[in-house]
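Everything below concerns the one structure shown next.
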């Protein structure tokens, strides 16, 4: 039986939850217990956390020493979220990107004061707009690579016949984040 895209998101969400439960609790295996948009919020944050770790970045240090880099992480997570949710339009699922910005920022930057969180959200959105609107080859290539990688991640996590596992794909997110960080370090 072919899974709908929303079901794939729910399935990989449950799978990633199972891997990250430190207390050994087992999340539900019933797809009806999950929501596709909540899955996308979680997965965008999950991917971004893994990318930050894979890139060897230290957000706590950057909070004090390179605050603008946090908005790069926010932009990365928002782009990932956009690529995760775009196919949901074919299933008539409406995405609230404004709510997504806030939910993702609160997840990524838990404990950051609201004033700084607002600054991160606004700067992250400006970076997303820059990346999305740019017609420069390296930005086109970055968007295409992140889109392909995101789709590969969903397929790898939900299709037994995938040529790769999601564990093989996750480190590639760190490489893309490193490229994005370098691009904004040079600005």
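Check whether at least one residue in segment 34-51 is more than 22 Å from residue 17 (Cβ to Cβ) and either buried (at least 16 other Cβ atoms within 10 Å of the Cβ) or under 17 Å from the mean Cα position of the chain (by Cα) (or both), and report yes or no.
Looking only at segment 34-51, we keep the residues that are more than 22 Å from residue 17 (Cβ to Cβ), and these are none.
The answer is no, given that none of the residues of segment 34-51 is more than 22 Å from residue 17 (Cβ to Cβ) and either buried (at least 16 other Cβ atoms within 10 Å of the Cβ) or under 17 Å from the mean Cα position of the chain (by Cα) (or both).
Does residue 175 count as exposed (fewer than 13 other Cβ atoms within 10 Å of the Cβ), touching a residue at least 60 places away in the same chain (Cβ under 8 Å) and either part of a helix (DSSP H, G or I) or touching a strand residue (DSSP E or B) at 6+ places or on another chain (Cβ under 6 Å) (or both)?
Details: exposed (fewer than 13 other Cβ atoms within 10 Å of the Cβ): no; touching a residue at least 60 places away in the same chain (Cβ under 8 Å): yes; either part of a helix (DSSP H, G or I) or touching a strand residue (DSSP E or B) at 6+ places or on another chain (Cβ under 6 Å) (or both): yes.
Considered against the rule, which asks whether it is exposed (fewer than 13 other Cβ atoms within 10 Å of the Cβ), touching a residue at least 60 places away in the same chain (Cβ under 8 Å) and either part of a helix (DSSP H, G or I) or touching a strand residue (DSSP E or B) at 6+ places or on another chain (Cβ under 6 Å) (or both), residue 175 comes out as no.
Would you pick out the residues in segment 16-33 that are modelled with pLDDT of 70 or more and either surrounded by 15 or more Cβ atoms within 10 Å (Cβ to Cβ) or assigned to a loop (DSSP other than H, G, I, E, B) (or both)?
16, 17
Tell me, please, whether a residue that is farther than 30 Å from residue 2 by Cβ and assigned to a helix (DSSP H, G or I) can be found in segment 143-160. If you could, list the steps in order and put the result at the bottom.
At the first step, the residues of segment 143-160 found to be farther than 30 Å from residue 2 by Cβ are none.
Taking every residue of segment 143-160 in turn, none turns out to be farther than 30 Å from residue 2 by Cβ and assigned to a helix (DSSP H, G or I).
Please tell me if residue 134 is surrounded by 13 or more Cβ atoms within 10 Å (Cβ to Cβ), over 17 Å from residue 69 (Cβ atoms) and out of contact with any helix residue (DSSP H, G or I) (no Cβ under 7 Å at 6 or more places or on another chain).
Details: surrounded by 13 or more Cβ atoms within 10 Å (Cβ to Cβ): yes; over 17 Å from residue 69 (Cβ atoms): yes; out of contact with any helix residue (DSSP H, G or I) (no Cβ under 7 Å at 6 or more places or on another chain): yes.
For residue 134, the condition - surrounded by 13 or more Cβ atoms within 10 Å (Cβ to Cβ), over 17 Å from residue 69 (Cβ atoms) and out of contact with any helix residue (DSSP H, G or I) (no Cβ under 7 Å at 6 or more places or on another chain) - is met.
Looking at residue 186, is it touching a residue at least 60 places away in the same chain (Cβ under 8 Å), surrounded by fewer than 16 Cβ atoms within 10 Å (Cβ to Cβ) and within 22 Å of residue 55 (Cα to Cα)? Steps first, answer last, please.
On the way: touching a residue at least 60 places away in the same chain (Cβ under 8 Å): no; surrounded by fewer than 16 Cβ atoms within 10 Å (Cβ to Cβ): yes; within 22 Å of residue 55 (Cα to Cα): yes.
When the stated conditions are applied, residue 186 does not pass them.
Before we move on, is residue 183 over 18 Å from the mean Cα position of the chain (by Cα) and part of a helix (DSSP H, G or I)? Walk me through it before giving the result.
Working: over 18 Å from the mean Cα position of the chain (by Cα): yes; part of a helix (DSSP H, G or I): yes.
Against the criterion (over 18 Å from the mean Cα position of the chain (by Cα) and part of a helix (DSSP H, G or I)), residue 183 qualifies.
The values are calculated or read from the model by the stated rules, or taken from the named source; none is laboratory data. No experiment lies behind these values; they were computed from the predicted model shown. Glycine also receives a Cβ, built like all others from the backbone with ideal geometry; neighbour counts cover every protein chain displayed.
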